[in-house]
Structure formats: structure tokens, C-alpha cells
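Rule-based calculations on the coordinates, nothing more; no lab input. Bear in mind that the values here come from a model prediction, so they are computed numbers and not experimental data. Cβ coordinates were reconstructed from backbone atoms using ideal geometry, including for glycine residues, and neighbour counts include every protein chain displayed.
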Amino acid sequence: MSNAEALNEASSNARPPRIRRLPEAAINRIAAGEVIERPAAAVKELVENALDAGARRLRIVIAEGGRALIRVEDDGVGFTAEELSLALERHATSKLTVEDEPSGPIDLLDIRSFGFRGEALPSIAAVSRFSILSRAAGADQAWRIAVSAGRRGAPEPAARPKGSTIEARDLFYATPARLNFLKSDRAEAQAVVEAVKRLAMAAPEVAFELGDGEGAAARTLFRAPGPESALDRLGRILGRDFAENALPIEAEREGLELTGFAGLPTLHRRTSAWQHLMVNGRPVRDKLLVGAVRAAYADALPAGRHPMLALYLSMAPERVDVNVHPAKTEVRFREEGLVRGLIIGALRHALAEAGCRPDTSLGLGALGALGPERPHQRFGGLRENRAPYRPPPALTGAWNGFVAPSEERGASRRDEPSPQDALIDAPSAAGDPAPPEPETLRAPLGAARAQLHETYIVAQTEIGVVIVDQHAAHERLVYERLKAGLRARAASAEGAPSQELLIPEIVSLDPLAAERLLAAAADLAMLGLRLEPFGGDAICVRATPAALGQLDLPALLRDLAEALEEAGAGAADAAETTDHADPAAAALLSRLDAVCASMACHGSVRAGRRLTLEEMNALLREMEATPHSGQCNHGRPTFVSLSKTDLEKLFGRS
């Protein structure tokens with residue numbers, strides 16, 4: 001008899017399993033496995049209980065990553081002697097409203113705190129050496145109760161000021177197999193830090209202190225004084241760069257209220273872990289946020305990068321379900337489309353309002369790239385092993401500072417530019433540049449003063465210097481102009497202004513590229529680009545967008561074909577992550593935006609083009625009036641701002 005046959009025969013002769021009621025201790029340990037999968041989860045539950053108790057100061061202590069000790073001290077309302085034992089009963093909670101009658105109705109969606117936590121305390125107590133020491137507000141004395149692996153003692157009198165101290169030692173000692181799944185002490189401690197930081201972001205009015213170890217070996221892992229403003233708290237946790245480069249978010253729609261802060265597009269990270277959402281004061285992870293943020297920052301970020309932000313969403317409790325995950329880290333919105341549209345609209349509005357606001361982190365990076373390292377001084381971004389600064393050989397001894405333009409210099413210039421010609425001031429129509437007007441210096445991007453390598457515009461402001469990448473900046477301006485015209489004319493069913501070619505140009509392309517362009521001919525006509533088939537793989541171009549001027553049509557069409565291919569792959573995603581009422585129209589606009597980006601790249605001022613002073617100043621003024629002008633279509637910064645203080649640091653004057 002084969003093994004399979006023997007197994008089948010044994011199965012047919014076996015008695016069906018009997019249904020039994022599990023012992024209380026086993027039930028609690030199973031619940032602990034669902035809710036308390038690691039020390040950070042236990043810390044999260046205990047801190048949430050303290051916040052629900054109205055605590056304004058919290059002190060958390062862990063040891064060995066939390067497996068040896070977790071202690072949470074708070075100054076909340078505390079427990080009475082009767083509540084101590086009840087708090088350790090399964091499914092006992094203060095989070096739900098129950099009528100006086102035992103059989104009265106219970107609204108499971110009316111949760112106005114951190115939610116249904118009936119399993120948290122008994123679950124932790126079932127797998128550790130657990131104790132609660134608490135004194136209720138107005139009580140004469142404190143009480144203490146201890147639990148060891150689910151075996152509960154009686155409450156005993158104790159001494160303590162108002163508030164509670166909850167302690168769990170030897171976590172998972174009653175279920176040692178779970179210890180094998182924990183990571184190193186350092187990794188577990190870091191997970192605890194992240195859990196506490198997320199809760200601290202949600203409650204800036206509360207003071208937090210997290211320590212590792214006891215006695216002389218104790219060290220502070222995180223501290224946040226309270227109360228403080230939301231931006232101060234976020235800057236403490238997400239970094240000073242975020243606080244200095246965050247845009248305020250404030251929006252309301254149909255009873256939903258959204259506040260918070262979002263980083264400038266030039267302040268981005270490799271993952272979306274720096275994006276935080278708090279729903280009714282609860283930190284949650286929700287993929288809806290990731291999709292909404294991707295749509296809002298769609299054409300302002302480099303590929304594969306994610307912006308930094310922290311958003312606070314408030315709504316009626318019945319409009320969100322917080323009980324879709326045992327650890328309450330996920331939620332489900334009743335009106336997902338409304339929430340997504342609110343987030344996208346608020347972020348887009350904030351980004352548009354930001355205009356050409358400079359990113360201070362770029363200035364610090366510029367200091368690190370430009371500044372010579374001195375033995376007594378290091379600037380941000382410099383490494384210890386950086387080679388000492390040496391002036392370029394061509395400038396040594398021959399460079400006498402900034403030389404104003406003159407007729408003699410212009411007449412003697414060689415065909416090949418000298419190193420000195422890399423820095424060229426911008427002559428006006430009248431000759432030498434006149435001193436800038438005070439009003440121009442007060443403008444965000446100041447007054448143009450010079451052009452570096454025929455690529456970078458140097459402008460002077462009241463407080464420092466601005467360096468602009470002329471190609472990146474003009475690319476964004478052209479792109480925004482095309483998009484605005486497209487949307488205005490799409491509403492009236494008109495096409496964008498086009499320029500008829502005196503002699504139509506015939507362009508030969510790859511067969512698939514030609515087919516893709518001709519299939520999108522109607523969409524491209526809305527942008528002012530009129531194409532017709534010309535037999536085989538050739539395309540006849542009869543008109544081009546008037547906003548673009550002279551174009552390299554073969555290169556433009558090749559890039560447009562690639563953009564259409566990429567936009568087609570992402571059209572469905574764009575329709576899902578936009579606030580547009582019509583998904584089909586949203587997908588079309590997303591596709592046309594990708595085409596606009598390619599056109600803008602071809603129609604913008606190229607690096608290497610000499611600009612007059614008037615052209616440079618016109619570019620600066622248009623940047624100040626254009627949304628998203630701080631970065632190009634590909635997410636690269638268009639300008640860097642350096643204050644006088646930054647310059648003084650660069651030359652060691654401060």
C-alpha cells in the first residue's frame with residue numbers, strides 16, 4: 001500500500017474533531033499573537049491607552065529592545081481599585097458608548113479615541129510579568145495589581161501621584177517560541193522609536209520621553225517637550241529641513257477637514273515612509289494616501305522619489321472604520337473618492353501657491369559642494385576625507401576678480417572662450433548694466449546680474465544670491481503655459497494656437513512610433529500639433545504649437561512617441577489617483593500632460609544660449625508668477641538660493 005493510500009484510509013477511519021471551548025489563558029495568548037507581535041506593538045498599545053486617559057506627560061522606558069522591560073508612566077486620570085481588575089478582563093473597554101441596560105444598543109462605529117482595545121492589556125499580561133500601579137484623580141491612595149502569565153493577583157494599596165505606571169517585564173516569556181521571530185535588540189528598539197514618534201506627531205500637545213535601559217546605563221532615544229506647535233513637533237521628528245521647507249495645508253470639503261504640512265517638491269526621499277497620515281488623531285498607514293500624493297506631485301518629482309508630508313484628517317467617527325486591522329494601523333473610509341479628492345486638491349493648491357519658494361536644503365547642499373574644507377571648520381555635505389581645495393590652474397595668478405564688460409574686451413575675444421569668459425555679466429541694450437532697482441532686489445528671485453557658462457543666471461536679492469538653471473526654469477514655464485492653455489481650450493472644445501508651416505515637413509519614424517503618433521493625432525491637435533499620414537512610416541507635420549517656436553521636429557516626434565507609450569501604461573493609475581470627476585477625461589489629461597512635458601523640453605531655452613539682461617529678468621519675473629517653478633518637469637530644482645550668511649560661511653567670515 002502506498003503512503004497516499006495509507007493516509008486516505010487513516011483519514012476515513014479517523015473520528016471527526018470535537019469542538020471544545022479554549023481555556024482563558026490560551027485565548028489571551030492567541031489574542032496576544034494577533035495584537036502584540038513585537039515589543040513596538042506593546043508600546044504602541046500602552047501609549048495609546050495613556051493618551052486616551054488624558055495624559056500630558058509620558059515617559060517610556062525599554063530594555064533589550066523591549067523584550068526585557070517596557071514601562072509607560074503617565075499623568076492621566078488613572079484607575080480606581082475597581083477598574084484595575086476590570087481593565088484586565090477581555091473585551092473590557094472605555095472606548096464604546098453603552099446604554100444603561102446590559103442589552104442596550106452599542107454603536108461600533110462611534111469611536112472617538114484610539115478605538116476598541118479590549119484585548120490589549122490582557123493580551124500583554126498573558127505573555128509577560130505584568131503590573132499596573134495607578135492613582136485615580138481625586139483618590140486618597142494608589143493601587144497596584146500584578147499578573148504573571150495570565151495569573152492575576154488582587155489589587156493592593158500603594159503610593160503614587162495621580163496617573164498610572166504600566167510595566168511589562170520578560171515579554172513573551174510565557175510563549176518563548178515567539179522570541180525566535182524577534183530581530184536584534186537594536187532593530188526592536190528602533191521599531192519602538194518609530195512607533196513613539198508617530199504617536200508624538202499625532203499629539204503635539206503631549207510631552208514624550210523615551211529611554212533605553214535603567215540606572216547608570218540609561219540613555220535617551222527620543223524626547224519631545226510639550227505642548228508645542230504641530231510644525232515644531234514635525235520638525236523635531238522629520239528634521240529641520242522639513243520644518244524650513246514645509247507648505248501649510250488647510251482644506252475642508254463636505255464635513256472633512258484636512259490640515260498639516262507638505263514638503264516642497266525638491267525635498268524628497270527614496271521611499272514613502274516619510275509620508276504620514278493621522279485620521280482623527282490616529283496614525284495610520286493607508287495606500288490611498290500614497291496614490292493621492294503621487295497624483296498631486298505627478299510632474300514635480302524625479303522618478304522613484306517621494307515627498308515628505310504629515311497630514312491630519314478629521315471627520316465624523318461613523319465615516320471611517322478603524323477596526324479593519326487587529327493593530328488598528330489601517331482604516332477604511334466610507335467615501336474614499338471624497339477623501340482622495342480632498343488630499344489631491346489641497347496638495348495641488350499648496351504647491352501652486354508656493355510658486356518659486358526656495359528650498360533651504362539646496363542652499364546647504366551648495367555650500368557643501370562649493371565650500372573649501374578647513375581644519376577648524378566643516379560645512380554641511382562635506383566629508384572628512386575630501387581633498388583640500390586648489391584653485392583651477394587657469395585661474396591661478398591670472399584671475400583678477402569680476403571684470404566689467406567693455407568694448408575692448410568684446411573686440412579682443414577669441415573664437416574659443418577663455419576661462420575668464422566663463423563668467424559673463426549681462427550687458428543691456430545701452431551697454432554696461434545699470435545698478436538694479438531696489439524694488440527688483442526685493443523680488444523673490446531678485447535682479448539678474450550675470451550669466452555663468454551661458455547656462456546659469458546669477459541674480460542678486462536683498463538677502464543674498466540666487467542661481468537659476470535657465471533651461472530647467474524655462475522648461476517648467478513652457479510646460480505650465482501649455483497645460484493651462486490645454487485645459488482652458490479643452491473646456492471650450494478648441495485646440496491650442498498653432499503655427500502653420502509654410503512647407504509641411506515630412507518625418508520618417510519607426511513603424512510603431514508612427515502608428516502611435518497617428519493614433520493620437522486628435523489629441524495632439526488639441527495641443528496645436530497637426531499630423532497626417534504620408535505613406536509607409538512617414539508622417540507629415542502641417543502645424544506646430546505656437547508657444548514653442550522653432551523645433552527639431554524629428555527629435556520632438558520621437559520623444560512624443562515614447563511619452564505616449566509611457567502615458568498609456570500609466571493612464572489607468574492616473575485615473576484612479578486624480579480628483580477629476582470623469583476618469584476617462586482624467587486619463588486623457590494625464591496622457592496629454594506627458595506630451596506637454598516632452599514639448600516643453602524641446603521648446604525651452606537651451607543651455608549654452610547667451611541671454612540679455614532683459615531676457616534674464618523677464619525669465620525671473622515669469623518664474624515668480626508661475627506655479628511649480630521651483631522645479632522642472634523632471635523634478636530637478638530650477639534654482640538655488642544662498643543668503644548672505646551662507647556666503648559668509650563659505651568664505652569663513654562668520
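Below, the figures for the structure above:
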| quantity | calculated |
| --- | --- |
| The stretch 249-300 - convex hull of the alpha-carbon atoms, volume per residue in Å³ | 97 |
| Of 162/183; 197/483; 183/287; 162/287, pairs whose Cα-Cα distance is over 32 Å | 162/183; 197/483; 162/287 |
| Mean Cβ neighbour count within 10 Å, used as a protection proxy, ranking 245-257, 310-322 highest first | 310-322, 245-257 |
| Computed label-point distance, nm, for sites residue 177 and residue 534 using a 7 Å Cα→Cβ extension | 7.4 |
| DSSP-defined beta bridges in the stretch 194-315 - what % are antiparallel, rounded to 5 | 85 |
| Base-10 log of normalised Debye intensity for the stretch 177-290 (one unit scatterer per alpha-carbon) at q = 0.09, 0.14, 0.16 Å⁻¹ | -0.31, -0.71, -0.89 |
| Where the Cα pairs of the stretch 253-340 fall when distances are cut into 10 Å bins, in % | 16, 50, 28, 6 |
